[in-house]
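No lab work stands behind these numbers, since they all come straight from the coordinates. This structure is a prediction, so every number in the text was calculated from the model and none was measured. Cβ placement follows ideal geometry from the backbone for every residue including glycine, while neighbour counts extend to all protein chains displayed.
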Amino acid sequence: MVVFGFRRVGKSSLIKAVLNEYAPSNYFYIDLRRFEEGGYVSYRDFVKALEDSINARVRSRRLLSILSRIRGVSISGFRVSFSWGRDRGCVC
């Protein structure tokens, strides 16, 4: 989901409120404001943000089991990490 609008009008709050109401544990939120300084978002930076978002919310052994089947994804306890370079998997 992408929501556009002027700064400081409550877009993030709206999205978080709807997600918490209708899918309290079934989403990952990535705040793209962390990339405002650069002219673009690299693949590596985006995947790192996704990794951070997953790790902030992961509580389910079932989700960890699903993620562990993806080549390039490592599970350690309740922590998820993605590999880089030639060993990087494809999430298809």
Checklist outcome for this item: Listed residues SER81, SER68, SER60; largest mean-square fluctuation, Gaussian network over the chain with Cα springs below 10 Å, found at SER60
Checklist entry - Once you put a point 7 Å from the Cα of ARG62 and another 7 Å from the Cα of TYR22, both along the Cβ direction, what distance in nm separates them? => result 2.0 nm
Checklist outcome for this item: Placing each pseudo-label 7 Å from Cα in the direction of the beta carbon, PHE78 and SER53 end up separated by a distance in nanometres of 2.0 nm
Next on the checklist: Net charge within 13 Å of TYR29 by Cβ-Cβ distance, Lys/Arg positive one each and Asp/Glu negative one each, not counting TYR29 itself?
Outcome noted: +3
Item to check | Residue among SER42, SER74, SER53 with the largest mean-square fluctuation in a Gaussian network model of the chain, springs linking Cα atoms under 10 Å | outcome: SER42
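So which trypsin sites (Lys or Arg not before Pro) in the stretch 8-37 are both in a DSSP loop and have at most 13 other Cβ atoms within 10 Å of their Cβ?
ARG8
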Checklist entry - How far is it, in nm, from the label point at ASP31 to the one at PHE46 when both lie 7 Å from their Cα along the line to the Cβ? => result 2.1 nm
Checklist entry - With a ≥ b ≥ c the root eigenvalues of the C-alpha gyration tensor of the stretch 11-87, is it rounded (a/c under 1.5), prolate (a/b larger than b/c) or oblate? => result oblate
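Counting only C-alpha contacts under 8 Å and six or more residues apart, can you give the relative contact order of the stretch 11-87 as a whole percent?
Averaging sequence separation for qualifying contacts and normalising by length gives 22 percent for the stretch 11-87.
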